Every structure is written in C-alpha cells, then in structure tokens.
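Trainee: Below is one structure. I have some questions about it.
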Amino acid sequence: MLKFGRRVGMLGVCALALAGCVTAQNTIQPTDSEGRRAYLRYAGSDSPVYLRAANPPTELGDHDAVASVMANAASGAVFAMPTTFTSEIGAANHPNFRIVALFDPEESLSTADVCESEARAADVAAARYSDRTNLFLAFCTRGEALGGTKVSGPKITSLSDPALAKMTRAGIQEMFAVDARDRRRGEPPVLGSISGNPSNFGFRLNPLEGVIN
C-alpha cells in the first residue's frame, strides 16, 4: 500500500503503472495522530468501534452487509492497538464515536461535511465512476469531525470484491498511523474540540479531557 499522504509524488506513477493500486490520504485534520489514536483508544477500550456504511452502491448490497465486511476488514488494522470494529450499533459501548464510510462522494466534501450530514441523517450526493471507487472514511462524534481519510482504488463491483477490504484497511491504517513528528514534539496531543465550537479545533488539551461517551 502506498501512503499517498506522505508520497504524493508517487500517485501518478501508481495510477499509471499498477493495476488495482490503492492510495490513501488524510484530509485536513482537527486532531493530530496522537489525538486521533487517543479518541479511538477510548472508543474501543471495552467494545468494538461502530462503523457505518452511509451510501454504498446498489450492486454491493444493503448498508448493513457492506458495513459488516468493512468492519471485519478494519479490525486489527490499527498499528499497535487491538481495536476492532462492528457494523452493529448495539455492540459498541461508545457508539457516538464512529467511522462513517461514504462511497464516491463529491470531491468538494470535507470531513466536517461528512460528520454533520451523518448526524442529520441527510443524503449525500454520490459521483459514481466507471473506472474507480473513491471511499471517504470519517471519524466522527456527535456530528463533529475527529479525522478523515480519502481512499482511491479500482472499481468495486461486488461485496466479495477484495478491493473493498483492501481499501478499508488502507484508510484505517492511514487515519490512525503514528506520525513521528507528533511523538517528537513533547507536548500533549492535539485533540481538537467536541464542544461544538469549530474555532477550538487544534487546541492542545489534556488527553480525553471532557470526552462525552
């Protein structure tokens, strides 16, 4: 897998030279890598983390079936953490922390847009492609964004297509990767804000201070 957020220059080579190539790139984040991992560690501390497939293509089947395949693929994908995922909201002890998966969203859609739309149960327009699938994974809580990753790969044609699992794992691995630059700074992680005030995003807070479960 190419971590395209760190190897942007390789994207063109990947697209032209490798059939079935999967690339993953983090979006602009309200949290840093340690902050995202801290929230995920809390969300998955005593149960799986909820994963929801919001708008899968018709050919993949219903939402629950798609989410189940993705949750299985995501489980165990986070480096140095035993985090598992579930498509059943009742199986998650902290369901307000969730991964929202969008298929082929409009390019202009931001992570904040994804989380806000999911919280309102609003429909999100899809731009389906004949030659590829774009997957947007957003880490949300109560309609606010904690992290997001865009994944591009080959056109997924069925629920059993291995590209679905490959793209899911690539996105989860990228979103929750350990960034050495964060570990070197010697300061508390950037956890952003879940207070409803976007202007607080990026403030350095004590880990999990004020977290709402």
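Trainee: Quick check: from the Cα gyration tensor, does region 33-87 come out rounded (a/c under 1.5), prolate or oblate?
Mentor: Verdict is prolate for region 33-87.
Trainee: Further, regarding this structure: What net charge is computed for the residues neighbouring ASP113, neighbours being all others with C-beta under 14 Å from the C-beta of ASP113, Lys and Arg scored +1, Asp and Glu -1?
Mentor: -4
Trainee: Further, regarding this structure: So what J values fall out for region 37-45 if you push phi through Karplus, 6.51 cos²θ - 1.76 cosθ + 1.60 with θ = phi - 60°, rounded to Hz, Gly and Pro as x?
Mentor: 5, 5, 5, 5, 4, 5, 4, x, 5
Trainee: Which whole-Hz ³J(HN,Hα) couplings does region 59-76 yield from phi under the Karplus relation 6.51 cos²θ - 1.76 cosθ + 1.60, θ = phi - 60°, glycine and proline marked x?
Mentor: 5, 8, x, 6, 4, 5, 5, 5, 4, 5, 4, 5, 4, 4, 5, 6, 4, x
Trainee: Tally Lys/Arg at +1 and Asp/Glu at -1 over every other residue whose Cβ is under 12 Å from the Cβ of LEU159; what's the total?
Mentor: -4
Trainee: Can you give me the Cα centroid spacing of region 65-88 and region 20-35 in angstrom?
Mentor: That distance is 17 Å.
Trainee: Please list ARG169, ARG128, ARG181, ARG37 in order of solvent-accessible area, largest first, computed with a 1.4 Å probe with all protein chains present.
Mentor: Putting ARG169, ARG128, ARG181, ARG37 in descending order of accessible area: ARG181, ARG128, ARG169, ARG37.
The values are calculated or read from the model by the stated rules, or taken from the named source; none is laboratory data. Just so it is clear, the structure is predicted and the values come from calculations on it, not from any experiment. Note that each Cβ is placed from the backbone with ideal geometry, even for glycine, and that neighbours are counted across all protein chains shown. Heavy atoms of the whole protein, side chains included, go into the accessibility calculation; ligands, DNA and RNA do not. Shrake-Rupley method; radii C 1.70, N 1.55, O 1.52, S 1.80 Å.
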